[in-house]
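Note sheet for the following structure.
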Amino acid sequence: MKDLWEYLKNCDKPIVLYGTGNGADKILARLTSDGVQIAGIFASDGFVRQRQFAGFTVESYSQIEKRLGDFVVLVSFGSSRPEVISNILRIRQEHELYAPDVPVCGGEIFDAAFYEKHAEEIAVVTALLGDAKSRGCMECTVRNKLSGDIEYLLESAVSEDEIFALLPPSPSVFFDLGAYNGDTVLQYRKVFPSIETVVAVEPDAYNFRRLSRNIGNAELVNAVIGDSSGVAHISKSRGRGTVASGDLEIPRVCVDDLVDRFNVVPDLIKFDIEGAEVEGIRGAKRTISENKPAMRIACYHKSADIFEIPQAVLALRPDYKVYMRHLLSVPGWDIDFIFV
């Protein structure tokens, strides 16, 4: 399998970034460490404006085409919006294009060296997956992470309905960990009208205020999910929340303590907690071991998530069936393990 980063070291075409922001910063950092220089940065129409990023004037697609002719495009932002993905696919028809996998929450990049170090663990987890579609999803995920080729994302994508079909049909108690603004609570209540009790946890203060406005008849907790209860420090954000280290002090809670606090046992848990999923699983040790709730756990925040998350869960309850599914996004975000 092609290692994108090695390929770029020897690429004879100009390399340009499509997009600015945190993802572009991470890609630039890796390229710089590899001694690779880029030739420009462009943004979608409507996002160009007159601005600078990383020492480059942000250009339009047409401007950079006129200036460079042929070039390699590195997609440097993430989106699941159909119109954005359609535009990426249009550019891909006109120029060589990749979506580098840089971890959302930091840590090692999934390159050839990382794969070689963890190939056995990945193979063991792949063999444990519950169906051919899951094993195909794992293979496409690994190939995409290594190569940056979005064809693997297109090949493995499924609908949200296919994921919900794997979950138990009539859950009663739902824990939403990483509840954002309440969108997932509303979605799960619609799909599963059997849900009677919701415990929703969101660390970001701005998101939590929106969650509080949008969701009624639920236990809402402004805290970070961790392996134990205590205090955490996060940075302020208006994104989907963060558990990154920072100056803002906030409570840290674990699932087992939430069970005790609200005197309810979840039969369905959604973990999407910005790279803290393994810690969250450890903090649910008693709940998982004794009650075996169905779980949907995001596995795209860190490179090791695709093997460490199943290892953590199956160490507690080896009788889970494990599935892996991907909702279409570029790069390979919105990848989940489903445990039932």
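The values are calculated or read from the model by the stated rules, or taken from the named source; none is laboratory data. As the structure is a computational prediction, the values presented were derived from the model and not from experiment. Here Cβ is always computed from backbone atoms with ideal geometry, including for glycine, and neighbour counts include all displayed protein chains.
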Select, from 282, 296, the only residue that is surrounded by fewer than 20 Cβ atoms within 10 Å (Cβ to Cβ) and at pLDDT 95 or above. 282
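Where in segment 43-154 are there strands (runs of 3 or more DSSP E), lying fully within it, with 2 or more residues that are surrounded by 14 or more Cβ atoms within 10 Å (Cβ to Cβ), under 18 Å from the mean Cα position of the chain (by Cα) and touching a residue at least 60 places away in the same chain (Cβ under 8 Å)?
Passing ranges: none, list empty.
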I'm trying to understand the selection: among the residues of segment 318-340, which are in contact with a strand residue (DSSP E or B) (Cβ under 8 Å, 6 or more places away or on another chain), surrounded by fewer than 22 Cβ atoms within 10 Å (Cβ to Cβ) and farther than 26 Å from residue 81 by Cα? 320, 321, 322, 340
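For segment 315-330, how many residues are in contact (Cβ under 8 Å) with a residue 60 or more places away in the chain and either in a strand (DSSP E or B) or over 21 Å from the mean Cα position of the chain (by Cα) (or both)? Break it down into steps so the answer makes sense when it comes.
So in segment 315-330, the residues in contact (Cβ under 8 Å) with a residue 60 or more places away in the chain come out as 321-330.
With either in a strand (DSSP E or B) or over 21 Å from the mean Cα position of the chain (by Cα) (or both) added as a condition, the list becomes 321-327, 330.
Counting residues in segment 315-330 that are in contact (Cβ under 8 Å) with a residue 60 or more places away in the chain and either in a strand (DSSP E or B) or over 21 Å from the mean Cα position of the chain (by Cα) (or both) gives 8.
Given the options 173, 201, name the one that is surrounded by 22 or more Cβ atoms within 10 Å (Cβ to Cβ) and at pLDDT 95 or above.
Numbers: 173 fails: surrounded by 22 or more Cβ atoms within 10 Å (Cβ to Cβ).
Every option except 201 fails the conditions.
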Considering each residue of segment 204-243, count those that are out of contact with any strand residue (DSSP E or B) (no Cβ under 6 Å at 6 or more places or on another chain), crowded, with 20+ Cβ neighbours inside 10 Å and either at pLDDT below 90 or small (Gly, Ala, Ser) (or both), and give that number. 1
Quick one: which residue in 21, 55, 46 is at pLDDT below 95 and within 18 Å of residue 333 (Cα to Cα)? 21
